[in-house]
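Only one structure is covered here, and it is reproduced in the block below.
The values are calculated or read from the model by the stated rules, or taken from the named source; none is laboratory data. In this text the structure is predicted, and so the values were computed from the model without any measurement. FYI the Cβ positions are ideal-geometry reconstructions off the backbone, even for glycines, and counts take in every protein chain you see. Areas reflect the complete protein model, heavy atoms only, side chains present, ligands, DNA and RNA absent. Shrake-Rupley method; radii C 1.70, N 1.55, O 1.52, S 1.80 Å.
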There are 2 protein chains.
Amino acid sequence: MGASLKDVAARAGVSVKTVSNVVNGYTYVTPHTREKVERALAELDYRPNLSARNLRRGRTGVIALALPELDAPYFAELSRFVIDAAAERGWTVLIDQTDGLAHREREVLQGIREQLIDGLIFSPLTIGREELAARTDNTPLVLLGERILDGPTHHVAIDNQRAAREVTEHLISLGHTRIGAIGAQENPSANTAHLRLAGYREALRAAGLPYDERLVPPTGSYHRADGAALMRRLLELDEPPQAVFCFNDLLALGALRTALSSGLRVPEDLALAGFDDIEDGRYSTPTLTTVSPDKGQIARTAVELLSAQLGSVKRAGRRAAGGSEPEHREAREVEADYRLIVRESTVRP
Amino acid sequence: MGASLKDVAARAGVSVKTVSNVVNGYTYVTPHTREKVERALAELDYRPNLSARNLRRGRTGVIALALPELDAPYFAELSRFVIDAAAERGWTVLIDQTDGLAHREREVLQGIREQLIDGLIFSPLTIGREELAARTDNTPLVLLGERILDGPTHHVAIDNQRAAREVTEHLISLGHTRIGAIGAQENPSANTAHLRLAGYREALRAAGLPYDERLVPPTGSYHRADGAALMRRLLELDEPPQAVFCFNDLLALGALRTALSSGLRVPEDLALAGFDDIEDGRYSTPTLTTVSPDKGQIARTAVELLSAQLGSVKRAGRRAAGGSEPEHREAREVEADYRLIVRESTVRP
DNA sequence: CAACGCTGTTTCAACGATGTAATCGTATCA
DNA sequence: TGATACGATTACATCGTTGAAACAGCGTTG
C-alpha cells in the first residue's frame, strides 16, 4: 500500500527529512529540490501515515461526537452540521452513541477513545454535575444542550427555559387555559427537561393559570412511541387538555398520531407544539409548531470552542513531569439562537 | 496525560515488553508478575496509545461509513445498526458524508482517509461501475445498496427490483389501474432507482397495464420536498393516478403532505406506498405502506464482509516489494431480507 | 551429565513521521 | 584571504508499541 517518506526520498534522491520538509511546506528548500520531491510524491501517490504523524505530533485530527442516538432526527441533523463544521477545520468526526445510558455516558467522559481523539463534543442525557466533576481525562470537551452549572466545562445551548416559556405563551395567547405538557422527566439530572418544564410553569404562572400535575405526565425517553402513549393518557383524563406542549418534536409527532387517530382535529380540537424543528414536522399534516434552535450555529460554536481549547493544550510529547493540576481556563457558556415557528398544528392558516 | 508502557514498566519493575505482554494477554507470564503489572497499570490508569499501536500493527480499529446524508432517516437508522455491529467487533465508526456528490464519492473511493481506516462501508449514489473499477486504493470495501455488477466488490443489498414489483402488485391488487411512480432518475448510474423502476414496470406488464411516462416524473434527489413537488405535478395531470409508489419513504411523506393538503383522502382517493420503512412512516397519518429492508441484517452483514477481508489482508509492515497485483478473491454479493408492510396509506384497517 | 525443551523475561529493531542539532556549501564582508 | 553568516540539507533520536529473537532458569531425558 501507501508509499512512505522513505520511498519518496529514495526516488527523489534526497533525505527523508527533506521530503518531510516539502510535505510540510518548510521554507528553506530550493525550488529545484522541491520540484524533484514533488514529482516523486506525485508519482508514488504519497499519503502521510496518520498514525505515525499523530504519534509524533500528539494530535490525531479526529474529534468525537457523543450523542444519545443517531437515529433521532434532531441528533442526525445536528451531526450533519457538526461534521461539516469539523471538516472546515480539517477534522474528522467519529460518532459515539450512548443510548442515553448512564454507564456509556460515563465511559465517554472517562475517555474510552482518549488516545484516538483530540477533542470531544458531548450531548449528555443522564450525566450530572458530579460525574462531570469526577472526570479525570483531560481531553478538551464541549457540552451540548445541557446547562450544567459551575462546572469548568464549555458548553453551547439555547435558553431552553425561555424558549419553553414562549411556546407556552403562544398556546395561551390562542385562548387555551387547559394546557398539557409532554416530556417532563423524573431523573434529577435531566436538565433540559427540567428547564423546559420550568419555562412552561413560568408561562402558566404569569398568565394566572393553575399548574395541574395530571396534565404533565412524566416520561423516560423522547421517542414517538412515548409521545403517542402519553397523549393517550392525557385523552383519558376527565378533562383533557385543549393544547399540549411537547418537549421535542418526536413526542409531538407521536402525540399527533394519537390525537388524529382518536378522531380529534388538530388544531381545532387540540393544539400541539413541539421543540427542535426536525424536518418531519415541516411535512406532517398538520405541520408542527415548534422551537427551532439554530443547529448550524450550535455546531459551529461547539467546534470553535473545541478548537480554542486545542490551541492551548501543549503538544503531547512527554507530559510535563509531575504537573498534574488541570488547566483552569474559565468555561465559556455560549447561548445559541432559536426561533419560535408557528405552523398549522396550533393555528390554521 | 496518559501513562505509557514505559511508565508502567518502571513502576512495576519489569521490562516494557512484559507490560505489553500482560496488556495483550500473552500466556506465559507468572501470576506474580502479572499481578504486579496489573497493579501498576491500574494505579497509573494506563490506556494504550492507539496511534502507536496502530503504527506498529498496521491497523487502526476504525472503519469508515460513507453515505449520502446522515440526516436522511434511512441512513441515520442504518448508521446506528452499523455502529452497533462494528462496536461488537471493537471497531469505531467514522462517518463520511458525500451529499451524493460525484466528486466526494470519488474521493471516498480513492481513500481520503486511507491511512486512518481499516475498511470502508460505502453507500454510493452516483458512482458507477467505471469509477469503481478505476479505484487504486485497496482498503477493504463493502458496498451497500447498489448492485454494481461484475465488479470485484463485495456488496449487500436487498432485491430492489423484486421488492418494487411486490409493492406495485399490492397496489394493483387493490384494484387500481392508474398507478404512478415517484423517484425515477435520469442519471444512468442511479442503479437503485432503475431497479425499482424496473420492478414497477414488470408488475404493470404482468398485469397487462400500460406504462405511462407521464405518471413517472423523474427527480434528482429523494427528499420530502421532492416528493411534495412531484406529487403536485401528478395531481395536475388531466387524469391523475389513483395510487402512487414512491421509491423511498421521504418521497412518500412529501407526496402525502401534498395530497392531504390538496384535500385528497389517503387511501380513499389516493393510495400511497413508500420504501425503506423509516420510523416516520409508522407515525404519520395515515401510516405508510412500505418495504422494510432488514437494516440490522444489512449492517451486520456489511461489517462481517469487511471483517473477512481484513482477516486476509497481510499485516502492514513493509508492503510486499513489487507485488502490486490486486488480490482477486471473488466478490460476495449478499442479498438481504425485506418485507412488504401494508399500513393505512393503502388499506384502511 | 550434556543436550534438550520448556517457561518466563528481556533486548533489539522497527512501524513512519518530525524536532533538534549538526553539517556542508556558498556568498559576504572586513 | 580568512572569518562569518546564512541557506539548504542531513543524521539522529524519539514518539509508544509490538514482533522476532535472544536469553536465563529449571526440569527432563537418554
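Its alpha carbons give region A:81-205 an Rg and a Dmax of 17.3, 56 Å. Across region B:265-271, coupling constants 3J(HN,Hα) worked out from phi with the 6.51/-1.76/1.60 Karplus curve, θ = phi - 60°, read 9, 10, x, 4, 8, 8, 8 Hz, and Gly and Pro carry x.
When the alpha-carbon atoms of chain A are used, the pair Rg, Dmax equals 25.6, 88 angstrom.
Give me the summed buried accessible area for the A-B pair, 1.4 Å probe, to the nearest 100 Å².
Counting protein atoms only, the buried area is about 4900 Å².
Take the Cα gyration tensor of region B:160-293, multiply each eigenvalue by 5, square-root it, and list the three semi-axes largest first, rounded to whole angstrom.
The three semi-axes for region B:160-293 are 19, 17, 15 Å.
Counting, for every residue in A:50-61, the Cβ atoms of other protein chains within 10 Å of its Cβ and taking the mean gives 5.
Averaged over peptide A:215-226, the number of partner chain Cβ atoms lying within 10 Å of each residue's Cβ comes to 1. Across chain B, the relative contact order, built from alpha-carbon pairs under 8 Å that are at least six residues apart, equals 16 percent.
Size estimate for region A:10-157 follows the Kirkwood approach: the inverse of mean 1/r over distinct Cα pairs works out to 17.8 Å.
Relative contact order of region A:160-293: 25 percent, from C-alpha pairs under 8 Å at least 6 residues apart in sequence. Helix-only arithmetic for chain A: the sum of -39500 (n - 2.57) across DSSP H runs with n ≥ 4, divided by the residue total, places the mean residue ellipticity at 222 nm at -12500 deg cm²/dmol. Rg/Rh for the protein assembly as shown (Cα atoms only, Rh after Kirkwood) is 1.01. Count Lys and Arg as plus one, Asp and Glu as minus one, and take only other residues whose Cβ is under 13 Å from that of B:A184; the net charge is then 0. With a 1.4 Å probe and every protein chain kept in, tell me what percent of the accessible surface of chain A is carbon plus sulfur. Percent of accessible area from carbon and sulfur atoms in chain A: 49. For the pair region A:35-59 and region A:215-240, the centres of their Cα atoms are 58 angstrom apart. Database remark: amide H of A:G119 closer than 5 angstrom to the amide H of A:A64 (H placed geometrically; neighbours at sequence offset of 5 or more, or on other chains; Pro and chain starts carry no H). Rounded to the nearest Hz, the phi-derived 3J(HN,Hα) couplings of region A:124-134 under the Karplus curve 6.51 cos²θ - 1.76 cosθ + 1.60 (θ = phi - 60°) are x, 10, 10, 5, x, 4, 5, 4, 5, 5, 6, where x marks glycine and proline. Nearest 5 is fine: what % of DSSP beta bridges in chain B come out antiparallel, could you say? Taking every DSSP beta bridge with both residues in chain B, the antiparallel ones total about 10 percent. Taking amide hydrogens as placed 1.01 Å from N in the peptide plane, the amide H of A:D159 sits under 5 Å from those of A:A336, each at least 5 positions away in sequence or on another chain.
Separation of the alpha carbons by more than 32 angstrom is noted, of A:K36/B:K6; A:K6/B:K17; A:K17/B:K36, for A:K36/B:K6; A:K17/B:K36. In this structure the amide hydrogen of A:V216, modeled in the peptide plane, comes within under 5 Å of the amide hydrogens of A:A181, none closer than 5 places in sequence on its chain.
Order these peptides, A:37-46, A:206-215, by their mean beta-carbon neighbour count within 10 angstrom, highest first.
Result, highest mean Cβ count within 10 Å first: A:37-46, A:206-215.
Ranked from shortest, the separations from the 7 Å Cα-to-Cβ label point of A:E335 to its equivalents in the other copies are 6.0 nm.
Within 10 Å of the Cβ of each residue in A:90-103, the mean number of Cβ atoms contributed by other protein chains is 3.
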